[in-house]
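The structure appears right after this line, and notes come after that.
The values are calculated or read from the model by the stated rules, or taken from the named source; none is laboratory data. Predicted, not measured: the structure shown is a model, and the values here were computed from it. Backbone-built Cβ (ideal geometry, glycine too); neighbour counts: all protein chains shown. When the accessible area is computed, the model is the full protein with side chains, heavy atoms only, and any ligands, DNA or RNA have been set aside. Shrake-Rupley method; radii C 1.70, N 1.55, O 1.52, S 1.80 Å.
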Amino acid sequence: MKAVRVEGDGSVSVVEVSAPRIGPGEALLRTRVVGICGSDLLDWYVRKKADTILGHEVAGEIVEVGAGVEGFVPGDRVVPHHHAPCGACEECRNGRPVHCREWRTSGLDPGGMAELIRIPAGNLSRDTRKTPDALTDEEATFVEPLATVVKAFRRGGYVPARSFLAVGLGTTGQLAIRLARSLGAARVVGADRVPSRLDLAKRSGATGTIDVSRAPASDSGRFDFVFVGPGKADVIEAALRAVAPGGTLLAFTMAAPEERLTLSPHDLYFDEIEIVPSYSAGPEDMGEALELLASRRVAVSDLVTHRFPVERAREAFARAAQPEGSLKVLLTFG
């Protein structure tokens, strides 16, 4: 079967790999659509994944279930999460599923960008969702990315009364604007340097936009909640200057190990600014994201700009790496 593999130099290639076999409690998924995540484009990050199969924003159809599986049958359209917690350890009991040891070591086999995927028993029973009839497979690929934004809002303590700034208007930045607006936020602003993404932010519901190629975001005032997409120290430092006293900076994306922040503890203390990182999402977030999409409180179909068959994965990745005119790029199967 076809799959998308990371090579040693960080590039991707379409390869033939053996189809996985399932065991008790597991399911075999035929992939229909998978999204290219921003993390799939981070060179330093994907190089660490050399010789593995990428992909985690997956939607597909179950074609086989193992012995003992309950609640799923062949023909079910589902969205599996690539990680699943045990639900019983101290981390899980304290609401920190992404720090569960089982969550960290679990995964889809061989990865989301493959024609067939083995969903392990833990992933199937604890964080695989049936796709509602109201959602297309393309829309269902947004469950996982929206879940990460849902979790970020929860960790950061966001409430609609707080003014909101999204720095970086890729897929998650647009989702953050749409989620804030769906919650009733009145002042929601987006900042980027890419014209097409600034335009899209207005359609996402932003009440204003800032072209940071012309002026820093802090020139437009200060905000109670600043959602920072890029995991770059200079971007985070600039965004900090836009955080209002008593406000929160939400660091959404992983940073390369060599990145270092220069901070003033004096200013952080007297301005009472919180810096809150948020990594991935757990089952509760996945469930909330699915409900937001199914109820149409957060619309996503217009965020898809390009679709490529899996055979053209290299072309798809190249397009996704060019931000002007592109946002969510999907790979299709079958």
Residue 231 is checked against (1) farther than 14 Å from residue 273 by Cα; (2) in a strand (DSSP E or B); (3) open to solvent by less than 30 Å² (accessible area, probe 1.4 Å) and fails just one. What number does that condition carry?
-> (2)
Identify all residues within the stretch 182-206 that are among the charged types (D, E, K, R) and over 19 Å from the mean Cα position of the chain (by Cα); write none if there are none.
-> 187, 193, 199, 202, 203
Checking residue 250 against (1) of a type outside the set (Gly, Ala, Ser); (2) under 22 Å from residue 191 (Cβ atoms); (3) open to solvent by 10 Å² or more (accessible area, probe 1.4 Å), the condition it does not meet = (3)
Filter result (under 17 Å from residue 39 (Cβ atoms) and either part of a helix (DSSP H, G or I) or of a type in the set (A, V, I, L, M, F, W, C) (or both)) within the stretch 273-284 | 281
Scan the stretch 296-319 for residues that are open to solvent by less than 70 Å² (accessible area, probe 1.4 Å), in a helix (DSSP H, G or I) and free of Cβ contacts under 8 Å to residues at least 40 places away in the same chain and report the count.
-> 2
Residue count, the stretch 278-295, condition out of contact with any Lys or Arg (no Cβ under 8 Å at 6 or more places or on another chain), open to solvent by 20 Å² or more (accessible area, probe 1.4 Å) and either in contact (Cβ under 8 Å) with a residue 12 or more places away in the chain or more than 18 Å from residue 77 (Cβ to Cβ) (or both), comes to 4
Is there any pair with a first residue in the stretch 320-334 that is more than 16 Å from residue 39 (Cβ to Cβ) and acidic (Asp, Glu) and a second that is in a helix (DSSP H, G or I) and open to solvent by 10 Å² or more (accessible area, probe 1.4 Å) whose Cβ atoms are under 9 Å apart and which are 6 or more apart or on different chains, and what are they?
-> 324/195; 324/196; 324/197
Mind counting the residues in the stretch 201-215 that are touching a helix residue (DSSP H, G or I) at 6+ places or on another chain (Cβ under 8 Å) and closer than 16 Å to residue 182 by Cβ?
-> 5
Which residue pairs have Cβ atoms under 7 Å apart, sit 6 or more places apart or on different chains, and have a first residue in the stretch 232-243 that is under 17 Å from residue 254 (Cβ atoms) and a second that is among the charged types (D, E, K, R)?
-> 232/259; 233/259; 233/260
Within the stretch 249-273, track down each residue that is closer than 20 Å to residue 159 by Cα and without any contact (Cβ under 8 Å) to a residue 40 or more places away in the chain.
-> 249, 251, 271, 272, 273
